[in-house]
1. Calculate the tail of P(r) for the range 159-212: the fraction of all Cα-Cα distances greater than 12 Å, expressed in %.
2. Could you pull the accessible area for L70 with a 1.4 Å probe, rounded to 10 Å²?
3. Within the range 58-74, whose backbone N sits under 17 Å from a point 7 Å along Cα→Cβ of R190?
4. For I188, I58, I180, write out the residues from largest to smallest accessible area, computed with a 1.4 angstrom probe and no ligands counted.
5. Assign one of three labels to the range 53-119, namely rounded, prolate or oblate, based on the Cα gyration tensor with a ≥ b ≥ c the square roots of its eigenvalues; rounded applies when a/c is under 1.5, prolate when it is not and a/b is larger than b/c, and oblate otherwise.
Amino acid sequence: MTVRMFSRRRITPHRCAWPVALCVLASIAGCTGSELESDELVALRAERADLRNRFSAIQDGIRRTQAAALEDPGVRAAQDSFYALLSEQMVANDPAAEDLLARSRRIGADLDRVSGPVLTTPDQADERVATASEREAVADELAATEQELRPHIDRAMRDPGVTGAFAALQDSVTVAMTRIDPSAAASIDRLNEIAEQMREIEIEIARLEQGR
């Protein structure tokens, strides 16, 4: 399940069988080891892109159920607990993370504001609707901030207390979604399978890239 760490919008991180023909063609062409590795990376990245598309397609199908589950009181409590522990661990590891967290929350609030519904009632006439370019700019700023936070998040997620809270959050979301729509359980299982495949591919890509 995809996790965006500091937004209620989403509760958001592979092994490839090489085509035999790829190795045969490489041998015939007399490719060097680095050239063959490049072909392997191309194949891995293509499979990763395909998996991401499949993940998104399944997630889009259950997005409404997921959104409803995130409003469940038990899920909200588990989410708040996880975020609190995660933030605390991030700052404990590196006090500089506190400013990044504050910036992320501020930009996230801005994104919620500019992504609101189009104003249609007379009493909203004086309020200005954000343009598409303004929404895109805020989203890009949030993405850049979350990219800066990623190393802090990864380090904090190695803490047993934080990983335990995240597991509890995932379980609560799954229970709530299944209660709302029993068919969601199969989709969640498939999402988890694809996520594991992507994780294995990321490991293989990193290994090949480091060996270049």
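The values are calculated or read from the model by the stated rules, or taken from the named source; none is laboratory data. Everything numeric here is computed off the predicted structure, so don't read it as measured data. Cβ: placed from backbone, ideal geometry, glycine included. Neighbour counts: every protein chain shown. Areas reflect the complete protein model, heavy atoms only, side chains present, ligands, DNA and RNA absent. Shrake-Rupley method; radii C 1.70, N 1.55, O 1.52, S 1.80 Å.
1. Numbers: 1053 of 1431 pairs.
Result: 74 percent of Cα pairs exceed 12 Å.
2. Spelled out: L70, probe radius 1.4 Å, area about 10 Å².
3. 58-66
4. Greatest to least solvent exposure: I180, I58, I188.
5. Numbers: a/c = 1.90, a/b = 1.47, b/c = 1.29.
Cα axes put the range 53-119 in the prolate bin.
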